[in-house]
Amino acid sequence: MFKNICVLILMVVYNGDIMPLNAQDDTPIVIAHRGASGYLPEHTLAAYRLGMEQGADYIEPDLVLTKDGHLVARHDIYLSTTTDIKDHPEFADRKRSFNGKEDWYVFDFTLKELKTLYAKQPFASRDQSHNQAHRIPTFDEILSLVNDYNQAHDTVIGLYPEMKQPEVFINEGQDPTDKLLTIFEAMDVADIPFYFQCFDPNFIVQLRPKTKAQLIMLMYEVKDEVNGGMKQNIPFALVQNSIDGIGISKGLLVDDEGRPTPIVKTAHNLGLKVHVWTIRDDMIPKGFVNSAQEMKAIFNMGVDGVFADFPDTARAVVNTFTLAEKVTGLE
């Protein structure tokens, strides 16, 4: 995945047969991935605040529904990876198997019960010292945080929520559609810029006639059984009339030989934004010295934004990036 990137950049810049993909007039946006999740436990108010302080244009809360119907921020529908649920004997009997995975599931807990848990850093290699400091936030709390921060600092930082596995909640008798439409309206009233993203194409398509929100279809790479190599898991034709952009795995940017794929150019020709996930300072792909080089390579391909665990690094790269710097740092 995303290998031979140095070869890619040289091809993009110097090979007359492969022209640079369209550069965007607008500056690429920085999206604080789960907040400043490289520094603090993800999806906490502290992580979101730090992301804003570090210069993110948007913060990204992943949303799930509690048993009593509240939208809260967690990356997964299960709780063991990002909370201290294992340390709560009062919830031991709530552990169960769901879709083949044994864990504690958010839809089995009320908001009051979830508020007794502490968020924790899921990456063992990252700072674990904040694991007993932060609770699980509701979306209402996140919205208030961003609104208050914007007013206090005269900024226009936006929200980029993702609904996780909506089909699971629908099957559990909790369709999140109306709740999401309500928060779209609340963000509009508060004049907060926002995108909405989801991996479920059916959910995105059914949302389109109900909202003017900017809808982003999340895509990842799957094996192309016919042509070989990898391809996006959802064809453009299925969703292009229902979306305003795509959020793609960086593995879709190049093929197995390190050559640029047409995905960015194709999306732009359809009038769609392209946001790429996920850039991590402490997980550098082969061929790069650091994440700054990785981001410069990605920006050279004309993408419109990146999801970053370390928003301060992404902000610094965006602030210094120009088209004349296509191969700076790769020599």
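The values are calculated or read from the model by the stated rules, or taken from the named source; none is laboratory data. Just so you know, these numbers come straight off a predicted model, no measurement behind them. Cβ sites come from the backbone with ideal geometry, for glycine too, and all protein chains shown count toward neighbours. All accessible areas refer to the heavy atoms of the entire protein, side chains included, with ligands and DNA or RNA removed. Shrake-Rupley method; radii C 1.70, N 1.55, O 1.52, S 1.80 Å.
With every atom except the alpha carbons ignored, what do you get for Rg and Dmax of the chain, in angstroms?
Rg then Dmax for the chain, in Å: 20.0, 66.
Would you work out the Kirkwood radius for segment 210-331? I mean one over the mean of 1/r across all pairs of different Cα atoms, in Å.
About 15.3 Å for segment 210-331.
Run down the aspartates and glutamates and flag those whose C-alpha is under 17 Å from the C-alpha of residue 212, throwing out any fewer than 8 positions away in its chain.
162, 178, 185, 188, 191, 244
Just the number, please: carbon plus sulfur as a percent of the accessible area of segment 215-330, 1.4 Å probe, no ligands or DNA/RNA counted.
Accessible surface attributable to carbon and sulfur in segment 215-330 totals 52 percent.
Taking a cut-off of 23 Å between Cα atoms, list the lysines near residue 112, but don't count ones fewer than 8 places away on the same chain.
Result set, ordered by chain and number: 67, 86, 95, 120, 164, 179.
Roughly what angle does helix 291-300 make with the longest principal axis of the chain, taking Cα atoms, 0 to 90 degrees, to the nearest 10?
It works out to around 60 degrees.
Return the carbon/sulfur percentage of the accessible area of segment 61-138, one whole number, probe 1.4 Å, all protein chains in place.
For segment 61-138, the apolar C and S fraction of the accessible surface comes to 49 percent.
Lysines within cross-link reach of residue 231: Cα-Cα under 18 Å, excluding same-chain residues under 8 positions apart?
3, 223, 250, 265
Using a simple charge model, +1 on the beta-carbon of Lys and Arg, -1 on the beta-carbon of Asp and Glu, nothing else, what dipole does the chain show about its Cα centre, in debye to the nearest 20?
In debye, rounded to 20, the chain gives about 380.
For the chain, what does the accessible surface come to per residue with a 1.4 Å probe? Please give it in Å².
Heavy-atom SASA per residue in the chain reads 44 Å².
Average projected area of the Cα convex hull of segment 108-262, in nm²?
Directional mean of the projected Cα hull area for segment 108-262 stands at 13.2 nm².
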